[in-house]
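Trainee: The structure under discussion is supplied below as C-alpha cells; questions concerning it will follow.
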Amino acid sequence: MTVAGPGLAIEHSLFTLRQWREGDEASLAANANNRMIWMNLRDAFPHPYTLKNAVLWIELSKESKTNFAIDVDGAAVGDIGLVLQTDLLRRSAEIGYWLGEEYWGRGIMTEAVRAMTEYAFQTFDINRVYAGVLEYNLSSARVLEKNGYVCEGRLRQAYTKDGKTYDQLLYSMIRAAVQ
C-alpha cells in the first residue's frame, strides 16, 4: 500500500482510496441504492439513493481529506471516511464505510479499513479510531476484528433502524496497538 500524497490517494492491489470526483455520480448511485447497505448505516444515508443524492455527496466530499471513494477498476463502488471528533474527544475519530454488494466477499473492505486506519494515525493527531456496529452486522464486526480493533462493549438498545431497536457494538483501535 502506498499513499500518493496526503488526502489524495491510497493505492492497494485490490482498490484505490481516492477523493470523490465529478464523473463518479452514476457508479455511486448504482452501488449505494441498496436496502441491505442502508440497513447497516445511519439514517442520514438516504434510501432510495438517487443520482441527485450522489451529486450532492460528491460536491460535499470531493476535496475532503477524511472521506474517500473506494475505487475498483476505475469505478467508485463504496466509501470510507473518518469523522474527527472535538472537545474532550478531539484525539478520536469515528470510522465509517460501505461497499457495493457486488464487491462483498473479496477482502476489499478489510484492506480498506486497514489502509484508512493507518492513514488516520499517520495524518492526524489522534489516539483512537472507533466504530459503532449494529448488532446484526457481523460482517462489519469481523472486518474490524481482522484489523485488530477490539470490541469495547455493547450499548444495549442504542440504535433504532427501520422501526426496530438494536444493540450497538463499539469497537476501537488505539494508536499504541499499531506502533
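Only the coordinates and a few stated rules stand behind these numbers; no lab work does. Values in this document were obtained by computation on a predicted structure and should not be read as measured data. We place every Cβ from the backbone using ideal geometry, glycine too, and count neighbours over all the protein chains shown.
Trainee: If neighbour count is taken as other Cβ atoms inside 10 Å, put TRP57, TRP38 in order from fewest to most.
Mentor: With the fewest neighbours first, TRP57, TRP38 line up as TRP38, TRP57.
Trainee: Okay, next question. Which of the trypsin sites (Lys or Arg not before Pro) found in the stretch 14-83 are loop residues per DSSP with 11 or fewer other Cβ atoms within 10 Å of their Cβ?
Mentor: Working: sites: ARG18, ARG21, ARG35, ARG42, LYS52, LYS62, LYS65; in loops: ARG21, ARG42, LYS62, LYS65.
For trypsin sites (Lys or Arg not before Pro) across the stretch 14-83 that sit outside H, G, I, E and B with at most 11 neighbouring Cβ atoms in 10 Å, the list reads ARG42.
Trainee: Placing +1 at every Lys and Arg Cβ and -1 at every Asp and Glu Cβ, with all other atoms neutral, what dipole size does the stretch 67-133 have around its Cα centre, in debye to the nearest 20?
Mentor: Using Cβ point charges on Lys, Arg, Asp and Glu, the stretch 67-133 gives about 320 debye.
Trainee: Taking the number of other C-beta atoms within 10 Å as the exposure measure, put PHE45, PHE121, PHE68 in order starting with the fewest.
Mentor: Going from sparsest to densest Cβ surroundings: PHE45, PHE121, PHE68.
Trainee: Can I ask one more? For the stretch 1-82, would you read off the P(r) tail past 18 Å as a percentage of all alpha carbon pairs?
Mentor: Cα-Cα pairs in the stretch 1-82 separated by more than 18 Å: 39 percent.
Trainee: Per DSSP helix of 4 or more residues, -39500 (n - 2.57); summed, then divided by the residues of the chain. What does that give at 222 nm, rounded to the nearest 500?
Mentor: -8000 deg cm²/dmol
Trainee: For the charge dipole of the stretch 2-178, defined by +1 on Lys and Arg C-beta atoms and -1 on Asp and Glu C-beta atoms about the Cα centroid, which residue among ILE70, LEU84, ALA158 has the Cα displaced farthest towards the positive pole?
Mentor: ALA158
Trainee: Ratio of alpha-carbon Rg to the 2.2 N^0.38 Å globular estimate for the stretch 46-110, to two decimals, please. Before the final figure, lay out each step's value.
Mentor: Values: Rg = 13.6 Å, N = 65, 2.2 N^0.38 = 10.7 Å.
In units of the globular-protein estimate, the stretch 46-110 measures up at 1.27.
Trainee: Can you tell me the dipole magnitude for the stretch 17-153 around its Cα centre, using point charges on the Cβ only (Lys, Arg +1; Asp, Glu -1), in Debye to the nearest 20?
Mentor: That gives the stretch 17-153 a dipole magnitude of about 180 debye.
Trainee: Of the options PHE121, MET36, PRO46, report the single residue whose Cα projects farthest towards the positive end of the charge dipole of the stretch 2-178 (beta-carbon charges: Lys, Arg +1; Asp, Glu -1).
Mentor: PHE121
Trainee: Would you list which aspartates and glutamates come within 19 Å of LYS161, measuring only between C-alpha atoms, while excluding same-chain residues fewer than 8 positions from it?
Mentor: Within the straight-line cut-off, LYS161 pairs with ASP43, GLU135.
Trainee: If each residue of separation counts as 0.36 nm, what is the full-extension length gain between ASN40 and LYS146 once their alpha-carbon separation is subtracted?
Mentor: 36.3 nm
Trainee: By the gyration tensor of its Cα atoms, with a ≥ b ≥ c the square roots of the eigenvalues, what is the shape of the stretch 99-179: rounded for a/c under 1.5, prolate for a/b over b/c, or oblate?
Mentor: oblate
Trainee: Using each residue's phi in the stretch 115-132, evaluate 6.51 cos²θ - 1.76 cosθ + 1.60 at θ = phi - 60° and report the 3J(HN,Hα) Karplus result to the nearest Hz, with x for Gly and Pro.
Mentor: Listing the rounded values in order: 5, 5, 5, 4, 4, 4, 6, 6, 9, 10, 7, 10, 10, 8, 10, 9, 8, x Hz.
Trainee: Now, a different point. I'm checking a number: the convex hull volume of the Cα atoms of the chain, normalised per residue, in Å³. What is it? Don't jump to the answer; show the numbers that get you there.
Mentor: Working: hull volume 21.3 nm³, N = 179.
Taking only Cα atoms, the chain has a hull volume of 119 Å³ per residue.
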